Each structure stands twice: as structure tokens, then as C-alpha cells.
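J.: First the structure, then my questions, so here it is.
Only the coordinates and a few stated rules stand behind these numbers; no lab work does. Note that the structure is a prediction, hence the values are computed from the model and not measured. Cβ: placed from backbone, ideal geometry, glycine included. Neighbour counts: every protein chain shown.
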Amino acid sequence: MSQKKTIDIVALYPQINQIKNADLRNAVIAVWQALWDQSSWSDPAQIPTSSEISYPNLPHTQCVVTLCLSMADALEHHHGTPINRDYLIAGAVLQDASKVVEYAPGPEGKAIKSAIGRQFPHGFWCAHLAIEKGIPYEICHVMLTHSSSAAQFPSTLEGKILYFADQLDVIAIHGDRWKKHLLIGKQS
């Protein structure tokens, strides 16, 4: 049995080269390669954004990475807000990497949920592999909380930047799904 072709993740997400910590940069690449090796896809451009959004995940994630860095640039420039760019880039590149194993090519070209996608929450498998590869828990937390369907909201500024960038990009490619809820406590 031959090993699946190596994916050039840096060609897909060149911002990986901006990660200053070489160990983290190599771990991000290793996680992506491990997920790719486990997947049944032959082309990363075929993976959908979600089961509801057939738009390809590749340009979605590429845009999310770009949005995250633009938001970080603005916050740093205007407010001097410190941003851990290594963590932001790693989280943004890995946030949807689980989709390569959460979905599988299905009949008539439509993606279907895999066993991993049916059994685990979005991002879990990537976070699991990331921990094995030595990626800090703070980045794994971002992977697990970046989605609006996650049980928790991100706890770090980097995670919140990613959360909002991801949601805005989904609105751009699929339409507005946000609902504002009025949260007013009972008056005594």
C-alpha cells in the first residue's frame, strides 16, 4: 500500500511561513499532513465548507486567514493591542483542517459526513492530532471554539478574531445566518 501524496500546505496557506516559532510552524504542517493522509480526498479544492454550504473550504479558509491577519494589523496599529500572531496564524490555518476527515467524497460528487464527522464535534480530530504534535492548548482551544455551533466561546483575543473572521466569511459566501438575541435580565 503506497502512502498518499504529500500535500503542499504552505503553497495553499503561505502565511504559515510567517509563524516565527519553527517548531509550531512544522507542527502545523505535520497536523495538516496527518489529516490529509487519513482522508479519502484527492484534491483539497473539492472539500466543502460544510454539509449545508457546498462552497469549497479552501478559498473560505484562505480568506479567513487573510481576514484574521488584517484584523490583527488594525488592532495593533490603532490600539497597540498585542496579538500572538503565531497562535493566530496556526489557529486560522488549522480551524477547518478537520474537514478533510469529517467529510468524504459521496455519490454524484456531493460530500457526505464520514464516521469521524458523525461521531465527533467539528474541530475535535484536528485538535486531538495537534495536541499529539505538541501544539499549545491555547491553539487547540481556538480550533474547538471557532464555530458558531461550538459549546464554548473562544477565551483568547486570537480565538475571538478567528471566530468573527470565520463568521463574516460564511456570511459572504452563504448569506447572513446570524440572529441577534435581546438579553435583558428581569427587572425587580
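J.: Looking at the structure I just gave you, is residue 29 in contact (Cβ under 8 Å) with a residue 40 or more places away in the chain and farther than 17 Å from residue 158 by Cβ?
T.: Details: in contact (Cβ under 8 Å) with a residue 40 or more places away in the chain: no; farther than 17 Å from residue 158 by Cβ: yes.
In short, no.
J.: Please report, ordered by residue number, the helices (runs of 4 or more DSSP H) entirely within the range 24-129 with at least 1 residues that are more than 21 Å from residue 161 (Cα to Cα) and of a type outside the set (Lys, Arg). If you could, list the steps in order and put the result at the bottom.
T.: On the way: elements: 57-79, 85-94, 99-102, 115-119.
Because the criterion is at least 1 residues that are more than 21 Å from residue 161 (Cα to Cα) and of a type outside the set (Lys, Arg), the helices (runs of 4 or more DSSP H) in the range 24-129 that meet it are 99-102, 115-119.
J.: Among the residues of the range 37-46, are any surrounded by 13 or more Cβ atoms within 10 Å (Cβ to Cβ), within 24 Å of residue 149 (Cα to Cα) and either β-branched (Val, Ile, Thr) or in contact with a helix residue (DSSP H, G or I) (Cβ under 7 Å, 6 or more places away or on another chain) (or both)?
T.: yes
J.: A follow-up question, please. Would you be able to tell me the number of residues in the range 151-171 that are assigned to a loop (DSSP other than H, G, I, E, B) and surrounded by fewer than 16 Cβ atoms within 10 Å (Cβ to Cβ)?
T.: Taking the range 151-171 as the starting set, the residues that turn out to be assigned to a loop (DSSP other than H, G, I, E, B) are 151-156.
Subset that is surrounded by fewer than 16 Cβ atoms within 10 Å (Cβ to Cβ): 151-153, 155.
The number of residues fulfilling the criteria is 4.
J.: Please determine, by comparing only the residues of the range 102-149 that are more than 13 Å from the chain's Cα centre (by Cα) and among the β-branched types (Val, Ile, Thr), which one is surrounded by the fewest Cβ atoms within 10 Å (Cβ to Cβ).
T.: Among those residues, the one meeting the criterion is 112.
J.: Could I ask something else about it? With respect to the numbered conditions (1) assigned to a helix (DSSP H, G or I); (2) under 19 Å from residue 129 (Cα atoms); (3) of a type in the set (A, V, I, L, M, F, W, C), which one is the sole condition not fulfilled by residue 7?
T.: Only one criterion in (1) assigned to a helix (DSSP H, G or I); (2) under 19 Å from residue 129 (Cα atoms); (3) of a type in the set (A, V, I, L, M, F, W, C) is unmet by residue 7, namely (1).
J.: Right, here's the next one. Please enumerate the residues belonging to the range 10-23 that are more than 30 Å from residue 175 (Cα to Cα) and either polar (S, T, N, Q) or not in a loop (DSSP other than H, G, I, E, B) (or both).
T.: Keep residues of the range 10-23 that are more than 30 Å from residue 175 (Cα to Cα), which gives 17-23.
Hits for the range 10-23 are 17, 18, 21, 22, 23.
J.: Considering 70, 98, which residue is more than 14 Å from the chain's Cα centre (by Cα) and under 23 Å from residue 25 (Cα atoms)? Let's see the steps before the verdict.
T.: Working: 98 fails: more than 14 Å from the chain's Cα centre (by Cα).
Of the residues listed, the single one that is more than 14 Å from the chain's Cα centre (by Cα) and under 23 Å from residue 25 (Cα atoms) is 70.
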